[in-house]
1. Need one number: the % of Cα-Cα pairs in segment 1-79 sitting beyond the 21 Å mark.
2. Could you check the spin-label model distance between residue 191 and residue 221? Points 7 Å from the Cα along Cα→Cβ, value in nm.
3. Name the long-range amide H neighbours of residue 293: under 5 Å, sequence gap of 5 or more, or other chain; modelled H, no Pro or chain starts.
4. Give the distance, in whole Å, between the Cα centre of segment 118-139 and the Cα centre of segment 253-307.
5. Using a Gaussian network model on the chain with a 10 Å cutoff between Cα atoms, which of 89, 339, 283 fluctuates the most?
6. I want the local charge near residue 205. Using Cβ-Cβ distances under 11 Å, sum +1 for each Lys or Arg and -1 for each Asp or Glu among the other residues.
7. Can you tell me the length gained on complete extension of the stretch residue 208 to residue 24, counting 0.36 nm per residue apart and subtracting the Cα distance?
8. In segment 90-104, which residues have a backbone nitrogen under 15 Å from the label point lying 7 Å from residue 161's Cα in the Cα-to-Cβ direction?
Amino acid sequence: MTNRLTMPAVGALTAIISLTLVAYGNPANMGFCIACFLRDTAGAVGLHNAAAVQYVRPEVIGIILGAFIISIVRKEFSPKGGSAPMSRFVLGFALMVGALIFLGCPLRMIIRIAGGDLNAIVGLVGFAVGIFGGVFFLNKGYTLKRTYDVAKTDGLLVPVIALVTLGLLVIVPSILAFSETGPGSMRAPIWMALAAGAIMGAVGFASRLCFVAGIRDSVLFKHFSMLSAFISLIVVIFIGNLVLGNFNLGFEGQPVAHTDGLWNFLGMTLVGLCSVLLGGCPFRQIVLSGSGNSDSAVAVLGMIAGAAFAHNFGMASSAAGVTNSGKIGFAIVFTLVIFIALYNTFGKKKASGI
């Protein structure tokens, strides 16, 4: 188990990687964003046609391969699955809808705060509320039931797909879509992004880094080591942005962000709630999928589908704000999430006569 000295170092390393990726081409305040990376990748393979956000992000491939390699080295590669796959798919889908309303995952939320984006602090409050909601259900007995050992081929499929996607990006990029403007056109060199992702995947697996666990574990178990990683991450990025001249305090004029406080709050509330119900944040789900967990892989597929659906049906926000379709979509998926939470907390007990 990681100790109190390890987690601040993990947070600092994550900050340095994020700052480096921004310095070499990734969008400002988005050095590392799982929601953004999955959204861009979905567009690159033709799942949506939003021209500004299309690019196979090597960081995602790197996270998967890094987690896979370190799990093999540590003899902890353990293919498992079978725990409510459709519920996990829907929760992943809903999580992505919330993230694209806010415009970022929990990691990007922290990065935005460290860059001076006050909209992200509103998002943080919503994120905490969502986590508290998830903790309520956990305390009342919420569970998606146990996982089971599955064939090794199931666990190997995600790393193999990652390798195939990397091959397409490097060898036959002409079959993929590439943004010429917008966030998708801003990218660090492939080798650097791949290496950054691999480091994060390996470190994330070894440390069990999760951007929802800091608040969740402090509430449930009074464990604060994971929270120290977040504090370290914010401090190091804040210092780095000051040194690089990238710090911009305020609500207005923030990169790839909007100023609608209510929907920044609600978007991250949904992300926090879904992350707790899934057992980990988007980053954690990708790390687990790389190390053999097919339940997490299903959740990641749900996120990819959610990104595609959000852009195809105008549900994703932009710097101009939240769309009406996004508000309607939020209401629908939030209702589904609450149903999943209620049924897997109270419904099963009633059905079994408890």
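1. Counting pairs separated by more than 21 Å, the tail of P(r) holds 44 percent.
2. Placing both labels 7 Å along Cα→Cβ, they lie 4.0 nm apart.
3. The answer is 80.
4. Measuring centre to centre over Cα atoms gives 13 Å.
5. Between 89, 339, 283, it is 339 that shows the largest mean-square fluctuation.
6. Summing Lys/Arg as +1 and Asp/Glu as -1 gives +2.
7. 63.5 nm
8. Under cut-off, by backbone N: 90, 92-93.
Each value in this text was obtained by applying a stated rule to the coordinates, not by laboratory testing. Not measured: the values here are computed from a predicted model. Positions of Cβ are backbone-derived with ideal geometry, glycine not excepted, and every protein chain shown enters the neighbour counts.
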